Amino acid sequence: MSSSIARALRPALKRGQQAVSASGLSAVSRTCRPARTASRLQCSARALSTTPARRSDFVPTPLSHLSETEAAMKEAVGKFANDVILPKTRDMDEAEAMDPAVVEQLFEQGLMGIEIPEEFGGAGMNFTSAIIGIEELARIDPSVSVMVDVHNTLVNTAVLKYGSEALKKKWLPRLATDTVGSFCLSEPVSGSDAFAMATKATETEGGFKLNGGKMWITNSMEANFFIVFANLDPSKGYKGITAFVVEKGTKGFEIAKKEKKLGIRASSTCVITFDDVEIPKENLLGERGQGYKYAISLLNEGRIGIAAQMTGLALGAWENAVKYCWNDRKQFGQYIGEFQGMQHQIAQSYVEIEAARALVFNAARKKEAGEDFVRDAAMAKLYASQVAGRVSGLAVEWMGGMGFVREGLAEKFFRDSKIGAIYEGTSNIQLNTIAKSLQKDYTS
Ligand SMILES: Cc1cc2nc3c(=O)[nH]c(=O)nc-3n(C[C@H](O)[C@H](O)[C@H](O)COP(=O)(O)OP(=O)(O)OC[C@H]3O[C@@H](n4cnc5c(N)ncnc54)[C@H](O)[C@@H]3O)c2cc1C
């Protein structure tokens, strides 16, 4: 564990905490103005203060400003992705499978328990650090990035927010160190209309019994821990939806099919069936009938993660192509990246990537500040996935024939980008959310 990113970052995190306790609010503003890593409570109290006198001395900082911990996270994950994941990326895509050694290293590096408190074996970092890690991984491999994203922003968060003390004690240390998690909401009959699900739960003497099936479940080949949404009381409609924890290997639980996909092919996506799956009562996650609320809240946060994945993907595609255009390929006696027609596209694309990241960071910072971030998360996901599609498509063109062949990564980034407009709410669903929230603001 000495090489662990989490361990390497701990001194930075500690320095931030000391600065807060030693110097009070003036030091807090310096330490956590950009990131609020040190003390979310103190920082958010500051940011949310309604006292005019206090707000007047609040100095806003650039959105892109990172705390010491966040900057260290960015550098460490970037290096890890380059050194360890990049050499395997093409092979994993061709094999349509995640190398188990990569999964092991993600745990070793502390990247599977970013926000899990240290008392449970996690890295104890903030949400923005997780977002930064997801972006850095996607810059190299969007499949690895989504594994980390789903595990951290959906699964770990679900246990942290809604799990009983017993569930937390049992599972958080494992989720931080050796157990991959999956989030099972979608079904053949319910995608965008997620709460029209058909999977049912019935109460038994010892706990619950699940029957039904889920579709398109990320991480299911690697996972041992599944958060499953099922309707415990269909007479109440979506208000019967309840969340459960199911372990792989439970009788009646089956991975029925592994999908073959257009992109993020190293990430497993499977159909799961439940045939009289019996689970103990302690595997109830949170309260009966609250599952739809949990799913909405988790996906609101998760969307910031997907937006970060798409921003990282766009940057990775852009970097891969501009290196070629400015260093390798000459036509008409000059580097192809020196033609003005190319330079304008390259510059325009970079601006869009930066704009996407600004939306991502704003949504993440607002979440950490305890503000309403639902519209911001939807805007970030919508825009970042559009940018990822546009930039990775152009990057293929900038590289000409070399962009189209499967030797490099240009075509892979392009294929991988499409998923951004589909999972965790399609682009139309994000637009619905944005429009609904705007209409609320502009309706008297
Ligand atoms: C690779 C991959 C990984 C996934 N991972 C997971 C996972 O881990 N867990 C999980 O639970 N799910 C997962 N999903 C499922 C994903 O969240 C759904 O595919 C997504 O929500 C869309 O649902 P759908 O595919 O049924 O499309 P549909 O809902 O059938 O939508 C099809 C089209 O209709 C449009 N549409 C639907 N409703 C409306 C509306 N009200 N207004 C306007 N347009 C509308 C959509 O925008 C879309 O363009 C994954 C999917 C994929 C492909």
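The values are calculated or read from the model by the stated rules, or taken from the named source; none is laboratory data. None of the values given here were measured: they were computed from a predicted structure. Counting neighbours? That spans all protein chains shown, and the Cβs are built from the backbone with ideal geometry, glycine included.
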In region 59-82, what count of residues is obtained for those that are polar (S, T, N, Q) and either within 13 Å of residue 364 (Cβ to Cβ) or within 18 Å of the chain's Cα centre (by Cα) (or both)? 2
Is it fair to say residue 401 is surrounded by fewer than 20 Cβ atoms within 10 Å (Cβ to Cβ) and small (Gly, Ala, Ser)? yes
Quickly run through region 426-444 and pick out the residues that are in a helix (DSSP H, G or I), within 10 Å of the ligand (Cβ to nearest atom), surrounded by 14 or more Cβ atoms within 10 Å (Cβ to Cβ) and not aliphatic (A, V, I, L, M). 427, 430, 432
Looking at 242, 269, which is the one that is farther than 18 Å from residue 425 by Cα, touching an Asp or Glu at 6+ places or on another chain (Cβ under 9 Å) and at pLDDT 95 or above? 242
Going by the structure shown, is residue 150 among the β-branched types (Val, Ile, Thr) and either out of contact with any strand residue (DSSP E or B) (no Cβ under 8 Å at 6 or more places or on another chain) or not assigned by TED's automatic domain parsing to the domain that holds residue 244 (or both)? yes
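Residues checked against (1) among the acidic types (Asp, Glu); (2) over 25 Å from residue 178 (Cβ atoms); (3) modelled with pLDDT under 70:
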position: 47; (1), (2), (3): no, yes, yes
position: 53; (1), (2), (3): no, yes, yes
position: 62; (1), (2), (3): no, yes, no
position: 66; (1), (2), (3): no, yes, no
position: 72; (1), (2), (3): no, no, no
position: 79; (1), (2), (3): no, no, no
position: 84; (1), (2), (3): no, no, no
position: 95; (1), (2), (3): no, no, no
In region 227-271, what residues are assigned to a helix (DSSP H, G or I), without any contact (Cβ under 8 Å) to a residue 40 or more places away in the chain and hydroxyl-bearing (Ser, Thr, Tyr)? 235
Pairs needed: first member in region 416-436, assigned by TED's automatic domain parsing to the domain that holds residue 266; second member anywhere, near the ligand (Cβ under 9 Å from one of its atoms) and of a type in the set (Gly, Ala, Ser); C-beta distance under 7 Å; at least 6 residues apart or different chains. none
Just one listed residue, out of 228, 277, 245, is crowded, with 16+ Cβ neighbours inside 10 Å and touching a Cys at 6+ places or on another chain (Cβ under 6 Å), and it is 228
